[in-house]
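The values are calculated or read from the model by the stated rules, or taken from the named source; none is laboratory data. This one's a predicted model, so the numbers in the text were calculated from it and none came from an experiment. Note that each Cβ is placed from the backbone with ideal geometry, even for glycine, and that neighbours are counted across all protein chains shown.
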Amino acid sequence: MKVLLMGHPNVGKSVFFNRLTGANVTESNYPGTTVDYTKGWMKIKGEDSELVDVPGTFSLDPKDKAEEVAVTMLRESEDAKVISVIDASKIERGLYLALEIIEEGYPVVIALNMWDVAGDKNIQIDIDNLQRILSVPVVPTTAISGEGIKELVSRLKDAKPVEIDTIIENAGGLT
């Protein structure tokens, strides 16, 4: 299985990557660019799975070279599962990218990272309702401490493609 870590810059993707792969890391430049990405391996249920720390991007409509590489890596990995890493204290920003990835047909698990920061800011997120609306697993995490990482990995098995119409229906339709 191939798993892509995707999200905005500075949301903790590399912290997840380091925790999940340990020392099994390869840093590379995407061909034809100077944009770095990191690839490594982790075990899921005893099987080796490739994990890729994709360059940060704000959307699937690239505005710079790093975003172009991120979008290309996603589109070249049609069989991958995606962990969409979102800063829980700025959830509205990250959900846009997560919805774009879901709309492309990828199986997604959302990591609401920096859960501790959101709590410190008294931001409350109804995980169950968000999960119901999006029809994808949503896991609160604090990557720096490792909180939620085991659950995040275990929920990859639940990631399946979702039709955008399902999300609209679950959200109560468009008004």
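The residue that is modelled with the highest pLDDT, counting only those in segment 10-44 that are in contact with a Phe, Trp or Tyr (Cβ under 8 Å, 6 or more places away or on another chain) and not in a strand (DSSP E or B), is 21. Pairing residues of segment 143-167 that are without any contact (Cβ under 8 Å) to a residue 24 or more places away in the chain with residues that are buried (at least 19 other Cβ atoms within 10 Å of the Cβ), at Cβ distances under 7 Å and at least 6 apart in sequence or on separate chains, gives 151/139.
Which of (1) farther than 25 Å from residue 142 by Cα; (2) acidic (Asp, Glu); (3) out of contact with any helix residue (DSSP H, G or I) (no Cβ under 8 Å at 6 or more places or on another chain) does residue 36 not meet, given it meets every other one? Going through (1) farther than 25 Å from residue 142 by Cα; (2) acidic (Asp, Glu); (3) out of contact with any helix residue (DSSP H, G or I) (no Cβ under 8 Å at 6 or more places or on another chain) one by one, residue 36 breaks only (1). For the structure I just gave you, tell me whether residue 116 is in contact with a strand residue (DSSP E or B) (Cβ under 6 Å, 6 or more places away or on another chain) and among the acidic types (Asp, Glu). Yes, satisfied. Checking each residue in segment 127-174 for being of a type outside the set (D, E, K, R), part of a loop (DSSP other than H, G, I, E, B) and closer than 29 Å to residue 42 by Cβ picks out 135, 136, 137, 141, 143, 144, 145, 146, 148, 159, 161, 162.
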